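Read through the structure below, which is laid out as structure tokens, and then see the notes.
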Amino acid sequence: MKTCWILFRKEMLELTRNYKLIWMPIVFILFGLTEPLTAFYLPDILQSVGDLPEGTVISIPTPSSEEVLLSTISQFNTFGVLIIVLGFMGMIAGERKSGNAVMVLVKPVSYASYIYSKWMAAFVLVWVSYGLGMLSGWYYIHVLFSGIDFTSFVQGFFVYGLWLTFILTMVLFFSSLVKTSGLAAFFTIGIAILLTFVSGFMTRTLKWSPSQLTNYVNEVILHNTWPDHLTGTIILTTILCLAILLISPPLYKKKDLI
């Protein structure tokens, strides 16, 4: 445990040195505040840059606070997921290729401590960045639109955060299996797209699929209800994350010895 804590502090220092601890939260904050600002000022923007005939009146229905929040989450689901994958695809594969992993693992450091310390550091950074992005969006929604139910916001925050955690865990898993960072990103994005695509057509069969979390968030925020299968989806997604974390160290060790 002590070794894992020391490696965790090392990883946090590394995230600071490569500026991920700075630019990733900033990017998520920008995503969080861009959607409310765009939704509120869109008619003025179109009026000023649309090159429309004189006297044209643009009438766009004002979206609800819940719709703006879901649009913000949609930004995270597109660009946020991409940033997480690209930001952490080389956390093991990159060090393995450069030889830094060997320098750490020749010491009395277990494969589990090495991998789990990286996952914990990435987990902290992802949740801090995501949390700041959501808070910035929530603030501007309150300033520019009507208020949003706090309970729904918190529930939606944690439900969608679990999906990002699942994505992060898959990145770590594939990064531990391959020596090329690009392959880790490719497999992670491919699995995420496949899960989303298949779950969209087989909603009843795959009602507990991790990708359904993004759909259940809509019901939580828009209708202020807890979907019937959401609890089961949360439990299954958590179990999958834990299972992936458990099998990652032995698989990485096996690949490393080949």
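When each of Tyr116, Tyr216 is scored by the number of other beta-carbon atoms lying within 10 Å, the sequence from fewest to most is Tyr116, Tyr216.
Taking θ as phi - 60° and the Karplus parameters 6.51, -1.76 and 1.60, the scalar couplings of segment 216-233 work out to 5, 4, 4, 5, 4, 7, 6, 10, 6, 10, 9, x, 4, 9, 5, 4, x, 5 Hz in sequence order, x denoting glycine and proline. What is the helix-to-structure angle for 111-144, meaning the angle in degrees between its Cα long axis and the longest Cα principal axis of the chain, kept from 0 to 90 and rounded to the nearest 10? The angle comes out at about 10 degrees.
Ordering His229, His223 by the number of other Cβ atoms within 10 Å of each residue's own Cβ, fewest first, gives His223, His229. Our helix-only sum for the chain, with -39,500 (n - 2.57) per DSSP H run of n ≥ 4 divided by its residues, gives a mean residue ellipticity at 222 nm of -26000 deg cm²/dmol. Extension gain, Thr205 to Lys10: 0.36 nm times the residue separation minus the Cα-Cα distance gives 65.9 nm. Taking 0.36 nm per residue of sequence separation and removing the Cα-Cα distance, the Tyr41/Ala243 pair yields an extension gain of 68.2 nm. Could you check the simple spin-label distance between Phe197 and Thr62, using points 7 Å along Cα→Cβ, in nm with one decimal? Between Phe197 and Thr62, the simple spin-label model gives 4.1 nm.
In order along segment 236-243, the phi-based Karplus estimate (6.51 cos²θ - 1.76 cosθ + 1.60, θ = phi - 60°) of 3J(HN,Hα) comes to 5, 5, 4, 5, 4, 4, 5, 5 Hz; Gly and Pro are listed as x. The label-point distance for Asn224 and Leu135, in a model that sets each label 7 Å from Cα toward Cβ, rounds to 2.5 nm.
Build a GNM of the chain with springs between Cα atoms under 10 Å apart, and of Pro25, Pro210, Pro227 the one that fluctuates most is Pro227. Among the chymotrypsin sites (Phe, Trp or Tyr not before Pro) found in segment 121-163, not one is both in a DSSP coil and sparsely packed, with 15 or fewer other Cβ atoms within 10 Å of its Cβ. Once the C-beta distance of Ile235 and Val109 is scaled by a Förster radius of 35 Å, the resulting FRET efficiency is 0.60 to the nearest 0.05. When the trypsin sites (Lys or Arg not before Pro) in segment 155-258 are filtered for DSSP coil states and for at most 12 other beta-carbon atoms within 10 Å of their beta-carbon, the remaining sites are Arg204. Between Lys255 and Phe123, the contour length at 0.36 nm per residue exceeds the Cα-Cα span by 45.1 nm. Under a model in which nothing but the beta-carbon of Lys, Arg (+1) and Asp, Glu (-1) is charged, the chain shows a dipole of about 1780 debye around its Cα centre.
Every number here is computed from the coordinates shown, using simple stated rules; none is lab data. These numbers were taken from a predicted model, which means no experiment stands behind them. No Cβ is skipped: glycine too gets one built from the backbone with ideal geometry, and neighbour counts run over all protein chains shown.
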